[in-house]
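Coordinate-derived values only; no laboratory data. This is a predicted model, so every value here is computed, not measured. Please note: Cβ atoms are built from the backbone with ideal geometry, for glycine as well, and neighbour counts cover all protein chains shown.
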Amino acid sequence: MSVRHAILAVCTVLALAVTAGCTVRIGDGDDDGGAELFGEGNSMEWDLTQPLEAEGLGLPADQMVIVKVPDDATVSLTLPTGTWSGRTEEMTVTTRHGFVDQVDLFWTEADGQAAADRMVADSALLGLDAERVAAWAERARWAETADVNRTRHKDNYNGANGEVSTSVRPSMAIGEGEGTPVRLWYKFYVRDVVETAA
């Protein structure tokens, strides 16, 4: 992970912690590298249709934890109507009252079109409006050469798959020219799964 990405991850975690009302743990015990959740083949598979107990995963009961993400990491998350799978460069997990409450994945796509293509490909499974996320490609083309008093162009698309709520947030630098990378943030919010099962 680059220094820039590490700083962005920490800033994101701190911002999320304020809204979630939980504490933040960076590292796992004496290990400052983050929680170890990935297994063989640098992969992780979780079933989000069932409550995930924090203790069984080696996670604290009420904290946001930065996960140690290996190179070429892949995540597979079972949702009520199918399985989402993709790579990730950064990851945080938020627990609440002893259960996983939220899973956040971050990675970078090459440009606005690549980000739009990925979001469209995931739209049906994540319950997103495919036309809205496809329009990101045009918004990104504008941001590549825009001359505005902002440094980043961001958007937010909300959806749901059964009891799993989703959010996809693309973000890119403004005015850096053609081929500006786009940072994607995929959020899987599973509080309803836990509360329904209780």
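Rounded to whole numbers, the Karplus 3J(HN,Hα) couplings from phi for segment 162-173 are x, 7, 9, 7, 10, 8, 10, 10, x, 8, 8, 5 Hz, using 6.51 cos²θ - 1.76 cosθ + 1.60 with θ = phi - 60°, and x at Gly and Pro.
For segment 112-165 versus segment 174-191, the inter-centroid distance based on Cα atoms is 8 Å. A Förster radius of 45 Å, combined with the Cβ-Cβ distance separating ALA135 from GLU55, puts the computed FRET efficiency at roughly 0.60. Each residue of segment 125-137 was assigned a 3J(HN,Hα) from its phi angle through the Karplus expression (A = 6.51, B = -1.76, C = 1.60, θ = phi - 60°), giving 5, 8, x, 9, 7, 4, 5, 5, 6, 5, 5, 4, 4 Hz with x at Gly and Pro. For segment 43-197, the equivalent ellipsoid derived from the Cα gyration tensor has semi-axes of 30, 16, 13 Å, listed largest first. Potential lengthening of the chain between ASN42 and ALA110 amounts to 22.3 nm, from the contour at 0.36 nm per residue minus the alpha-carbon distance. Taking amide H atoms as placed 1.01 Å from N in the peptide plane, the amide H of ASP47 lies under 5 Å from those of THR78, each 5 or more residues away in sequence or on another chain. With 10 Å bins beginning at zero, the pair-distance distribution over Cα atoms of segment 108-184 amounts to 22, 50, 23, 6, 0 %. Of the peptides 123-133, 144-154, 63-73, the ranking by mean beta-carbon count within 10 Å, highest at the top, reads 63-73, 123-133, 144-154.
For ALA73, list long-range residues whose amide hydrogen, built 1.01 Å from N in the peptide plane, is under 5 Å from its own amide hydrogen. Here THR88 satisfy the definition.
A simple rule links phi to the HN-Hα coupling: the Karplus curve 6.51 cos²θ - 1.76 cosθ + 1.60 with θ = phi - 60°, which for segment 99-112 gives 10, 5, 10, 7, 10, 10, 10, 10, 7, 10, 9, 4, 6, x Hz, with x for Gly and Pro. Normalised by the number of residues in segment 43-197, the mean separation of alpha-carbon contacts (under 8 Å, six or more apart) gives a relative contact order of 23 percent.
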